[in-house]
Every structure is written in C-alpha cells, then in structure tokens.
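Chemist: Dumping the structure here so I can ask a few things about it.
Each reported figure results from applying straightforward, stated rules to the coordinates on display, with no laboratory input. All values reported here derive from a predicted model rather than from experimental measurement. Backbone-built Cβ (ideal geometry, glycine too); neighbour counts: all protein chains shown.
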Amino acid sequence: MPLTDQQPLGSPFSAATTAEDVVAGHDLSGMTAVVTGGYSGLGLETARALATAGARVIVPARRPHVARAALQEVKGSEVIPMDLTELDSVHSAAAHISNRIDRLDLLMAVAGVMAPRNGALGPAGRASSPPTTSDTSPSPASSTRSWPPRAARASW
C-alpha cells in the first residue's frame, strides 16, 4: 500500500480540541454509550465528556475496581467486568449490556495497549492488547453475535 501525505479533513476540530469541545452544545440525554478503556487516558476523558453531556455511559473493564475508583465522580457511568482477551468474558458483557438497555447509541472502542509488556499474552493465548481493525483476525466484538445490542445511529 503506497504511503500518501496526510490531508486536512475540513473538521472544525484540531489537536487542541478536548472531548468536552466535541460534545459542547449536544444534549445526549436518553442516549447510551459503551466506552471500552473508559477508565483511563483518552477513554476516561471520553466517558467524562459523554456523561457530562447527559449520556448513560457503560464502561466494560478488565479491572472493575480500578474503573469504579476512576469513575466514582462521573455521574451516569456504570462499570461492568469484561476482559477483551477472553471471548467468554466479552460474550458475558455483551449479554449483560443487551439485557440492561433498549438500544446502544454510541460504541467507543478506546481500550488498547500500544506495546504489551514482554509480548504478554492473555489467559487464552491472545495478545493482551485488543485486536484492531488492521489485524487479520476478527476482533472479539465482531465475533460476538449479540454485539452491539440493538445498535442505533446517533443523529446530531
């Protein structure tokens, strides 16, 4: 695949744009978002911004106790256990979410590890970092028939 120079998208956002800037002026009341990785880094900022705009935010987490501590002041957030390296865990989380909501408006797949420590593998022998769209193997979410539950597109 040949490399090409980056081209401007014509977006009103820039590298200085915050998550709050993106949702400013949008009322997300009544909407439900799932934010993987929503308890640290960019995922946490995304979860905070969505909740501040009124969305119900569900954060699947490998370490639920850490996620709950990080999100304790984020009203409208909920943590459920999920380990992306374990398909049974992904299936269980998808079923849990599907049983608790009528529709999913936003799925923010923010979880990831850029460089797993020492090439660490999860319990099932999968990479500790979740698959990306550039991987040749399907992601856990794409192999979960019930995911996303009754998804709907957000119209802003």
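Chemist: In what order do HIS65, HIS96 fall by count of nearby beta-carbon atoms within 10 Å, going from fewest to most?
Modeler: HIS65, HIS96
Chemist: Can you classify the stretch 18-74 as rounded, prolate or oblate using the Cα gyration tensor, where a ≥ b ≥ c are the square roots of its eigenvalues, rounded means a/c under 1.5, and otherwise it's prolate if a/b beats b/c and oblate if not? Can you show the working numbers first?
Modeler: On the way: a/c = 2.23, a/b = 1.70, b/c = 1.31.
Prolate shape, in that a/c is at least 1.5 and a/b is the bigger ratio.
Chemist: How do 13-26, 81-94 rank on mean C-beta neighbours within 10 Å, highest first?
Modeler: 81-94, 13-26
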